[in-house]
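Visitor: To start, I am sharing the structure in question, which I have written as structure tokens.
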Amino acid sequence: MALRGLPSASLDKVLPIKDNKVNYASSCNHDPSQVRHSRSAALLVGSRTMRYPLLILLCGLFAFQMPALGEADQMTRPRAVIVVGGDQNYPPFEFLDKSGKPAGFNVEITQAIAEVMDLPVDIRLGDWNDMRHLLESGSIDVLEGISISSERYRIFDFSAPHCLVRQSIFARRGSPPIASLADLAGKEVVVQKGGIMQDRLTESGIGAKLILVDTHAAALRMLASGQSEYALVNTLTGMYFGLERGLTNIVPVSQPVAEIPYGFAVKKGNKHLLAEFDQGLEILKNTGRYQLIHDKWLGILESHPSPWRRIVKYGAMILLPLLAILGSIVAWSWSLRKKIEAYIQDSQIRQQELIQAGKMASLGILVSGVAHEINNPTGLILFNLPILRGAYRVAEADLEARFEEKGDFLIGGLRYSELREEIPRMFDEMQGGAKRIKRIVEDLKDFARKDTSSLDETVDINTVVQTTVRLLDNSIRKSTAHFHASYMENLPPVRGNSQRIEQVTVNLILNACQALDGLEQGIHLSTSFDRELNVVTLMIKDEGVGIPPENLAHVTDPFFTTKREVGGTGLGLSVSAGIVKDHHGKLEFRSTLGEGTTAILTLPAMEGG
């Protein structure tokens with residue numbers, strides 16, 4: 001062998017060797033690398049003196065290359081097989097199939113990771129508690145499925161979870177439901193020995209009587225046979241055994257009481273192996289292979305407890321858009337119906353207003369004719385009464401002289417002694433009555449006259465109300481013996497139409513009269529001015545029956561009336577409300593059933609009025 005940088009022929013000149021009969025093979029046990037190392041050592045040891053410094057440098061370089069040669073040799077060795085353990089009876093996660101081979105979700109995940117990471121693995125399934133102790137002792141390298149908890153972190157290192165496992169309480173059919181683990185206090189509960197739920201129940205201290213078995217299958221068989229009250233097992237495993245083994249008398253009696261991350265575990269400190277499994281799991285998830293394995297083993301069972309979820313999901317995808325379209329159609333139809341109803345109602349109101357206008361026009365023509373016929377004799381009465389009064393005064397002296405001379409006598413069948421006192425009063429009453437007839441006729445003509453003016457008159461509310469009271473004097477007298485009117489002096493005028501405002505006051509006073517049950521009940525009318533709000537107010541209060549609360553909000557609705565049987569149309573107050581609105585005013589009603597109603601009309605006063 002030649003040292004690096006020097007031919008072997010030159011070696012004897014550089015380093016003389018005393019004994020050239022060294023047995024390299026025997027001293028290195030026939031290991032060629034040890035032979036090389038031993039020969040170099042012999043060369044160095046055989047030198048008695050270090051004559052040349054260059055020799056020291058060359059030997060150091062050779063020694064530096066020795067570790068690198070060892071590493072290269074190690075890389076060429078085959079990697080040791082990784083022993084992966086698991087539970088032999090924990091379907092659908094891991095179990096031995098009918099041919100005795102490992103199968104299940106965990107097994108396929110492990111095999112897929114071994115494939116993508118080029119790891120040699122040997123999967124061995126056995127009793128769960130034994131497998132857990134084998135990992136603790138280092139007899140196996142990995143557990144392919146174990147519930148992760150903070151307590152177990154003291155013993156093992158865990159990978160990222162490859163799924164979540166849910167634990168449920170199972171019981172025989174007909175057993176009462178269980179709300180939580182606390183309801184198991186004092187109950188017999190079967191759990192797997194060394195399983196996560198044994199740890200949980202022991203740590204919680206709820207006082208359940210634990211029965212430990214080796215497998216979930218044993219726990220469910222004990223429950224089905226009546227040897228225990230409850231079994232606390234993995235939800236999917238319980239369902240799997242119920243279907244596979246025909247255990248139809250056991251059912252979950254609770255919602256999942258725990259949802260626990262589930263993944264690979266290694267002995268504490270074996271970080272390098274754990275990182276390889278984490279990397280492989282991440283590759284499976286990114287490539288979609290993990291999801292395929294998950295759906296194969298867990299997908300069907302996970303959807304089994306609630307088969308309607310998928311139906312509801314896809315049904316919702318179809319029905320929700322249809323419901324949205326149907327809702328839009330219904331909303332549009334409802335809106336259209338409301339618009340049509342409003343249009344019909346408005347048309348009816350306008351029709352009634354036209355009818356009323358026709359009636360008023362006819363009334364105006366009638367009143368004009370009647371007024372003409374009444375005004376003529378009334379005018380004669382008013383013209384002749386002063387003449388008769390003067391004639392009586394001329395004759396009065398002669399009548400008094402005769403009364404003094406001859407005593408009492410008869411005139412027109414009446415004694416003069418009585419007539420002398422009554423005749424002046426008769427003249428006054430006849431003249432007052434004639435004037436009143438004339439004023440009423442004029443008011444009727446004004447009320448019935450066709451309204452051609454706009455809302456720009458200067459209106460004195462007191463005058464309008466007093467005119468209305470004169471028009472309705474007969475109705476008021478027939479309804480009450482206690483009518484009181486109070487008019488504020490110097491009331492500011494309002495801008496509007498006097499005839500239309502008079503129509504409102506007529507309706508309000510007539511309604512007050514019709515609300516009374518007898519003459520002893522009164523009506524109180526007053527006008528006032530609110531300087532702060534700058535409004536003129538007319539208040540009409542009756543002591544009648546009042547309005548029920550449910551009707552109060554509808555008194556101005558078109559065609560709403562409680563007097564239809566006596567000819568009410570329900571348009572009076574509706575028309576009045578429209579007139580008040582046109583005048584930018586407000587019409588309010590306050591009522592107490594059995595005590596009466598107050599109508600309040602407010603109109604804005606003219607500026608500077």
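The values are calculated or read from the model by the stated rules, or taken from the named source; none is laboratory data. Just so it is clear, the structure is predicted and the values come from calculations on it, not from any experiment. Methodologically, a virtual Cβ is constructed for each residue, glycine included, from the backbone with ideal geometry; neighbour enumeration extends over all protein chains shown. These area figures cover heavy atoms from the full protein model, side chains too; ligands, DNA and RNA do not enter into them. Shrake-Rupley method; radii C 1.70, N 1.55, O 1.52, S 1.80 Å.
Visitor: If I go through segment 579-597 residue by residue, how many of them are part of a strand (DSSP E or B), of a type outside the set (Lys, Arg), in contact with a Ser or Thr (Cβ under 7 Å, 6 or more places away or on another chain) and under 16 Å from residue 538 (Cβ atoms)?
Guide: Start the filter on segment 579-597 by keeping residues that are part of a strand (DSSP E or B), which leaves 586-592, 596-597.
Retained after the next criterion (residues that are of a type outside the set (Lys, Arg)): 587-589, 591-592, 596-597.
Those still in the list that are in contact with a Ser or Thr (Cβ under 7 Å, 6 or more places away or on another chain) too: 587, 589, 591, 597.
Imposing the further condition that a residue be under 16 Å from residue 538 (Cβ atoms) reduces the set to 587, 589, 597.
Looking only at that region, the number is 3.
Visitor: Further question on the same structure: Tell me, yes or no, whether segment 75-86 has at least one residue that is part of a helix (DSSP H, G or I), modelled with pLDDT of 50 or more and open to solvent by less than 80 Å² (accessible area, probe 1.4 Å).
Guide: no
Visitor: Identify, please: which residue in segment 212-255 is closer than 17 Å to residue 201 by Cα, free of Cβ contacts under 8 Å to residues at least 60 places away in the same chain and crowded, with 17+ Cβ neighbours inside 10 Å and is, among those, farthest from the chain's Cα centre (by Cα)?
Guide: 213
Visitor: Hey, another quick one. Of everything in segment 188-211, what is acidic (Asp, Glu) and under 44 Å from the mean Cα position of the chain (by Cα)? Give them in sequence order. Talk me through it step by step, then tell me what you get.
Guide: Kept after step one, since they are acidic (Asp, Glu), are these residues of segment 188-211: 188, 199, 203.
Correct list: 199, 203.
Visitor: When segment 398-438 is examined, which residues are found to be of a type in the set (Val, Ile, Thr) and surrounded by 14 or more Cβ atoms within 10 Å (Cβ to Cβ)?
Guide: Initial filter on segment 398-438 (of a type in the set (Val, Ile, Thr)): 411, 423, 437.
Selection gives 423, 437.
Visitor: Which residue pairs have Cβ atoms under 7 Å apart, sit 6 or more places apart or on different chains, and have a first residue in segment 460-476 that is in a helix (DSSP H, G or I) and a second that is among the basic types (Lys, Arg)?
Guide: 470/439
Visitor: Applying the selection to segment 131-153, what residues are surrounded by fewer than 16 Cβ atoms within 10 Å (Cβ to Cβ) and either without any contact (Cβ under 8 Å) to a residue 40 or more places away in the chain or under 24 Å from residue 81 (Cβ atoms) (or both)?
Guide: 133, 136, 137, 138, 139, 150, 153
Visitor: Going through segment 141-152 one residue at a time, which ones are outside any strand (DSSP E or B) and of a type in the set (A, V, I, L, M)? Outline the logic, then answer.
Guide: Of all residues in segment 141-152, those outside any strand (DSSP E or B) come to 141, 148-152.
Of everything in segment 141-152, just one residue is outside any strand (DSSP E or B) and of a type in the set (A, V, I, L, M), namely 148.
Visitor: Next question, about the same structure. Cβ-Cβ below 8 Å, separation at least six or inter-chain, first residue in segment 78-104 and over 21 Å from residue 220 (Cβ atoms), second among the aromatic types (Phe, Trp, Tyr): which pairs?
Guide: Sorted first by the residue in segment 78-104, then by its partner, the pairs are 102/95.
Visitor: Of all residues in segment 504-528, count the ones that are in contact with a Ser or Thr (Cβ under 7 Å, 6 or more places away or on another chain) and open to solvent by 30 Å² or more (accessible area, probe 1.4 Å).
Guide: Looking only at that region, the number is 6.
Visitor: While we're looking at this one, here's another question. Evaluate segment 503-514: report whether one residue or more is in a loop (DSSP other than H, G, I, E, B) and either farther than 25 Å from residue 546 by Cβ or without any contact (Cβ under 8 Å) to a residue 60 or more places away in the chain (or both).
Guide: So the first thing to find is which residues in segment 503-514 are in a loop (DSSP other than H, G, I, E, B), and the list is none.
No: segment 503-514 contains no residue that is in a loop (DSSP other than H, G, I, E, B) and either farther than 25 Å from residue 546 by Cβ or without any contact (Cβ under 8 Å) to a residue 60 or more places away in the chain (or both).
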